[in-house]
1. Arrange the peptides 158-165, 508-515, 439-446 so that the one whose residues have, on average, the most other Cβ atoms within 10 Å appears first.
2. Hey, what's the per residue convex hull volume over the C-alpha atoms of the chain, in cubic angstrom?
3. Once both labels are modelled 7 Å past Cα along the beta-carbon direction, what's the residue 556-residue 724 spacing in nm?
4. Note down the relative contact order for the range 105-180 as a percent, whole number, built from C-alpha pairs under 8 angstrom at least six residues apart.
5. Can you check what the net charge comes to around residue 549, using other residues whose Cβ is under 12 Å from the Cβ of residue 549 (Lys, Arg +1; Asp, Glu -1)?
6. Local charge sum around residue 606 (other residues, Cβ-Cβ under 13 Å, Lys/Arg +1, Asp/Glu -1)?
7. Whole number in Å², please: accessible area per residue of the chain, 1.4 Å probe, ligands, DNA and RNA not counted.
8. Positive end of the charge dipole of the chain (Lys, Arg +1 and Asp, Glu -1 on Cβ, about the Cα centre): tell me which of 671, 399, 25 has its Cα farthest that way.
Amino acid sequence: QIIIFGDNVILEDPIQSWPICDCLIAFYSSGYPLQKVKTYVALRKPFLVNELEPQHLLHDRTKVYERLEMYGIPIPNYALVNREYPYQELDYFVEHEDFVEILGKRFQKPFVEKPIDGDNHSIMIYYPSSAGGGMKELFRKVGNRSSEFHPEVRRVRRESSYIYEEFMPTGGTDVKVYTVGPDYAHAEARKSPVVDGVVMRNPDGKEVRYPVLLTPDEKQMARDVCNAFQQAVCGFDLLRFKGRSYVCDVNGWSFVKNSHKYYDDAACLLRKIILDAKAPHLSSTIPPNLPWKVNEPAQPSDGLTRQGSGIIGTFGQSEELRCVIAIIRHGDRTPKQKVKLKVTEEKLLNLMLKYNGGNTKAETKLKSAVQLQDLLDATRLLVPRASSGRESDSDAEDMEHADKLHQVKAVLEEGGHFSGIYRKAQLKPLKWVKASKPDGGGEFEHPVEALMVLKYGGVLTHAGRKQAEELGRYFRNNMYPGEGTGLLRLHSTYRHDLKIYSSDEGRVQMSAAAFAKGLLDLEGQLTPILVSLVSKESSMLDGLEDARPEMKVAKARLHDIIISEGKSVIRNGNSGSPWMVDGAGLPANASQLLPLLVQLTKKITSQVKLLAENEDEKLATSKYTVLPPYDQAKALGKTTIDAARIAAGLPCGSEGFLLMHARWKKLERDLYNERKDRYDVTQIPDIYDSCKYDLVHNGHLNLEGLPELFKVAQLLADGVIPNEYGINPKQKLKIGSKVCGPAVFFQ
């Protein structure tokens with residue numbers, strides 16, 4: 001006989017009047033009188049399916065982790081910040097831009113912030129500035145949402161006590177495990193809320209989940225969790241990360257949402273558990289199956305059948321597709337830029353020493369927001385307040401130096417804050433003088449000159465994001481035709497071992513995230529997708545360094561072919577195998593096209609210079625309405641053009657006319673050195689990139705001669721670009737094997 005006590009009995013009636021039972025199923029929730037139930041159990045002594053005493057632990061995340069640790073169950077690396085009152089400042093807790101430090105233990109972003117109160121389901125994930133920054137809030141499902149991304153939030157909460165733990169990318173999938181006694185566990189996978197926060201639901205409105213198989217280690221963890229908390233019926237969350245599994249939450253009494261087989265199994269198991277405890281003489285006489293299931297034929301587990309693309313090979317053996325590998329280039333980007341200048345200013349030299357630990361011989365790399373802000377602050381003090389007077393300066397080198405500092409300042413001021421992954425600076429000491437140590441203990445070498453290199457640009461554009469996302473969607477629909485959501489189901493159940501790797505370049509990482517968004521039919525911003533699904537492998541480009549000596553030789557030979565030997569070398573090649581000659585693919589009149597390329601480049605530079613000067617004048621007047629700074633972080637998820645900037649007659653994206661002029665001026669200067677009468681043909685690809693970018697994104701500026709310049713640059717680039725990686729098949733093979741080897745075989 002099954003008796004449901006009901007709320008009135010539990011809350012209002014004294015325990016002496018409660019029904020007497022042989023077996024009690026009771027589990028704690030908010031408002032539940034746990035102490036009253038304990039008194040009833042002490043009085044009537046029923047058998048408990050789930051023990052009462054450990055249930056209070058489940059509502060304190062700290063106690064849950066402590067109990068898991070006690071039983072040797074793997075959990076994420078974590079630390080506790082315990083406040084006695086809201087906003088209490090704690091000397092052992094320090095927050096920095098990209099990490100928090102708790103009692104000397106450092107947690108780099110991305111990390112997870114959980115309230116200690118287990119009934120508070122507002123969990124935050126904070127992302128590093130290298131991935132765009134921001135925070136994702138996870139919460140109990142509301143409609144079809146389970147999380148929201150906030151790109152502007154970067155600081156952690158201080159209202160209460162929290163657990164901080166390392167974020168574990170799980171491929172966008174969570175595993176929920178449900179036990180019925182220590183010997184039974186049912187596992188289901190669902191789309192993780194950390195990816196895009198959209199809940200996948202079936203036609204009945206239930207969240208879509210797929211059964212998954214547990215490993216032997218995971219089955220042992222299920223047994224251990226069940227025993228550790230003395231909860232026969234129990235649910236917990238698993239994170240699968242780098243070949244291991246970790247328990248990140250224990251929920252106590254939980255049932256599977258929608259599985260007939262699970263409920264049949266649970267009924268039989270609970271019946272046996274109860275009879276073993278209260279009527280063992282009956283337990284052995286009752287069959288393990290439900291009466292109406294005895295004569296049914298065995299059915300394969302739904303969703304657990306092997307999925308294969310079986311075909312019959314030429315020798316009759318059955319063949320199966322084992323894997324699909326794709327190597328994909330990043331999407332449309334802004335031109336890559338670089339500013340080089342020698343600096344002697346004390347502020348910049350001190351900045352170099354500040355971030356290299358005071359090593360006067362070592363170079364310094366500045367990437368983080370704090371470092372770049374320091375560089376901007378120093379540069380602002382060094383840049384002349386106004387441009388007037390620069391033109392009359394008789395020293396051309398001083399003028400160029402001031403212009404470059406002005407360019408550095410403009411680059412660092414892009415976007416209003418350092419939120420992206422597209423700017424980095426290097427300071428390398430070049431000259432030293434001997435100076436006495438402050439304590440009089442001898443001499444040391446003090447740097448007096450350094451080379452500063454600021455790299456920027458190469459940002460994935462709105463068009464690039466759209467290209468990558470559409471390619472992901474196309475890939476899914478064409479590589480897995482007719483399967484509908486088959487790929488998504490296989491990915492969620494871990495039977496499609498999807499891995500996405502990216503180099504550490506920002507445009508490549510964001511292309512990979514956008515591709516994953518289209519491939520897995522995700523929504524929302526790219527930052528959470530990037531952190532959850534894309535593995536950054538900087539070693540993928542290691543081969544490029546190995547190949548640089550051969551590439552340098554190839555470029556030198558390419559220069560000679562274009563400048564010195566011209567079309568005679570090309571025409572004297574093997575006419576039967578034109579691709580075998582050195583420099584194949586170059587236009588026959590390459591040497592004649594170079595002066596035209598220089599002339600047209602100068603024409604564009606002069607037009608952009610006028611636009612930059614006009615912009616300076618407008619900014620100097622208070623009447624000119626300035627658009628708010630371009631926010632790179634908010635732009636990460638956009639796939640549409642910034643109409644407001646276009647309507648205002650400004651360049652697309654974050655580039656102003658000053659930086660646009662600096663881009664074209666550098667191309668003009670590097671392509672042809674008038675004093676030495678020397679061309680640098682390696683600049684041709686960069687000119688081609690700039691032309692293409694401005695034609696696509698800045699066509700509204702109506703730069704005269706740009707289409708003609710693009711045609712000339714394209715003729716030359718179509719020959720130059722393939723030959724930079726080897727000017728003949730033998731050299732191409734040697735360079736290609738060094739570049740591509742790590743990319744293909746780094747696993």
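1. Top of the packing list down: 508-515, 158-165, 439-446.
2. 249
3. Here the modelled spin labels are 1.9 nm apart.
4. On the way: 118 pairs, mean separation 24.3, N = 76.
Relative contact order, the range 105-180: 32 percent.
5. Value of the local net charge: +2.
6. +1
7. Values: 39020 Å² over 747 residues.
Per-residue accessible area for the chain comes out at 52 Å².
8. Value: 671.
The values are calculated or read from the model by the stated rules, or taken from the named source; none is laboratory data. Values in this document were obtained by computation on a predicted structure and should not be read as measured data. Methodologically, a virtual Cβ is constructed for each residue, glycine included, from the backbone with ideal geometry; neighbour enumeration extends over all protein chains shown. When the accessible area is computed, the model is the full protein with side chains, heavy atoms only, and any ligands, DNA or RNA have been set aside. Shrake-Rupley method; radii C 1.70, N 1.55, O 1.52, S 1.80 Å.
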